[in-house]
1. Within segment 205-222, is there a residue that is among the aromatic types (Phe, Trp, Tyr), under 20 Å from the mean Cα position of the chain (by Cα) and surrounded by fewer than 21 Cβ atoms within 10 Å (Cβ to Cβ)?
2. Touching a residue at least 24 places away in the same chain (Cβ under 8 Å), in a helix (DSSP H, G or I) and within 28 Å of residue 184 (Cβ to Cβ): does that describe residue 79?
3. Give the residue that is farthest from residue 155 (Cα to Cα), with candidates limited to residues of segment 73-97 that are of a type in the set (Val, Ile, Thr) and touching a strand residue (DSSP E or B) at 6+ places or on another chain (Cβ under 6 Å).
4. Looking only at segment 45-64, how many residues end up being part of a helix (DSSP H, G or I) and in contact with a Lys or Arg (Cβ under 8 Å, 6 or more places away or on another chain)?
5. Scan 40, 44 and give me the residue that is surrounded by 18 or more Cβ atoms within 10 Å (Cβ to Cβ), under 24 Å from residue 110 (Cα atoms) and at pLDDT below 95.
6. Mind telling me which of the residues 177, 90, 109, 173 ends up being within 20 Å of the chain's Cα centre (by Cα), touching a residue at least 40 places away in the same chain (Cβ under 8 Å) and over 30 Å from residue 189 (Cβ atoms)?
7. Please work out which residue is surrounded by the most Cβ atoms within 10 Å (Cβ to Cβ), limiting yourself to segment 93-106 and to residues that are assigned to a helix (DSSP H, G or I) and touching a residue at least 24 places away in the same chain (Cβ under 8 Å).
8. In segment 168-190, which residues are in a loop (DSSP other than H, G, I, E, B) and surrounded by 17 or more Cβ atoms within 10 Å (Cβ to Cβ)?
Amino acid sequence: MKENMILKKMKDGQQVVGTFFETIGTSIVECLGIAGLDFFIVDFEHSTFTAESLLEIVHTAELRDMSTLMRIKEISRSNVLRPLDVGVQGLIIPNVQSVEEVKQVIKWGKYTPIGERGFFYSRVTDFGFSDNVNDLDQFFESRNRESLIIPQCETVECLNVIEEICALEGVDGIFVGPYDLTIALGIPAQFDHPTYTEALARIYKACRDNNKFTLIFGADTEQARRYREYGFDAITCSMDATLMIQAFKAMLETVKAD
């Protein structure tokens with residue numbers, strides 16, 4: 001399988017930039033790669049993707065040297081296991097409420113000795129022909145390193161135990177969902193409010209104290225730039241549909257200008 005490029009870059013101290021992928025179509029994936037994005041997040045929580053379309057998306061991303069992350073719809077064994085077997089390189093876990101939920105995801109998403117992920121000659125093993133598949137200890141170590149488990153902190157319940165979550169072996173990073181987090185805190189979209197900035201600092205510190213990656217969503221380039229300057233390892237800026245609409249609106253305004 002392809003090396004997880006954002007993992008490599010983040011380990012090297014580089015900050016990576018991506019976007020949410022909400023539209024259907026591999027041509028858009030190619031455009032993201034041509035534009036130079038490091039990664040994108042396939043959003044199964046809010047969009048209408050299928051397992052079949054996911055395979056095509058992952059394959060196209062590999063050809064363009066991008067990492068594919070996926071936000072799962074909800075926590076279940078199949079929602080964790082199947083995307084990883086297809087070749088998704090990291091899972092964003094939404095609506096986390098407890099440490100126990102994260103432990104369950106680790107159990108399903110990481111091979112022994114960290115978890116209990118089931119083994120099969122799936123695509124991630126090159127259908128049994130991967131160079132290291134005959135040495136399962138080596139294969140498990142490689143896959144556990146390359147397949148990222150990333151809880152999304154967007155609830156008060158998650159925030160209240162963020163230090164415990166970050167301390168878990170098998171958690172690779174935390175993805176901050178600013179909109180849902182501010183809603184949960186009773187300050188919708190008030191990103192300069194002290195309650196939010198204190199929460200953000202708490203999440204960031206918990207990650208740094210436990211050597212976990214920090215990921216966050218920025219709705220526009222200004223927000224994304226601010227989070228990059230803050231020090232986040234990975235910034236997810238806007239989403240493909242929004243960026244396309246903005247580009248076409250700007251084009252129309254320019255062409256039709258008197």
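The values are calculated or read from the model by the stated rules, or taken from the named source; none is laboratory data. Note that the structure is predicted; figures quoted are calculated from it, not measured. No Cβ is skipped: glycine too gets one built from the backbone with ideal geometry, and neighbour counts run over all protein chains shown.
1. Let us first name the residues in segment 205-222 that are among the aromatic types (Phe, Trp, Tyr), namely 213, 217.
Filter once more, keeping what is under 20 Å from the mean Cα position of the chain (by Cα): 213, 217.
Still in the list and also surrounded by fewer than 21 Cβ atoms within 10 Å (Cβ to Cβ): none.
Checking segment 205-222: not a single residue is among the aromatic types (Phe, Trp, Tyr), under 20 Å from the mean Cα position of the chain (by Cα) and surrounded by fewer than 21 Cβ atoms within 10 Å (Cβ to Cβ).
2. Numbers: touching a residue at least 24 places away in the same chain (Cβ under 8 Å): yes; in a helix (DSSP H, G or I): yes; within 28 Å of residue 184 (Cβ to Cβ): yes.
Answer is yes for this residue.
3. To start, the set of residues in segment 73-97 that are of a type in the set (Val, Ile, Thr) comprises 75, 80, 86, 88, 92-93, 96.
Filter once more, so that each one left must be touching a strand residue (DSSP E or B) at 6+ places or on another chain (Cβ under 6 Å): 88, 92-93, 96.
Working: 88: 25, 92: 14, 93: 12, 96: 7 Å.
Per the criteria, the residue is 88.
4. Taking segment 45-64 as the starting set, the residues that turn out to be part of a helix (DSSP H, G or I) are 51-63.
With in contact with a Lys or Arg (Cβ under 8 Å, 6 or more places away or on another chain) added as a condition, the list becomes 51, 55, 62.
Number of matching residues: 3.
5. 44
6. Working: 177 fails: over 30 Å from residue 189 (Cβ atoms); 90 fails: over 30 Å from residue 189 (Cβ atoms); 173 fails: over 30 Å from residue 189 (Cβ atoms).
Within the list 177, 90, 109, 173, the selection yields 109.
7. The initial filter retains those residues of segment 93-106 that are assigned to a helix (DSSP H, G or I), namely 99-106.
Going one step further and asking which of them are touching a residue at least 24 places away in the same chain (Cβ under 8 Å), we end up with 99, 101-106.
Values: 99: 18, 101: 17, 102: 23, 103: 14, 104: 17, 105: 25, 106: 23.
The extreme case among them is 105.
8. The initial filter retains those residues of segment 168-190 that are in a loop (DSSP other than H, G, I, E, B), namely 168-172, 177, 185-190.
Those that are in a loop (DSSP other than H, G, I, E, B) and surrounded by 17 or more Cβ atoms within 10 Å (Cβ to Cβ): 168, 171, 172, 177, 185.
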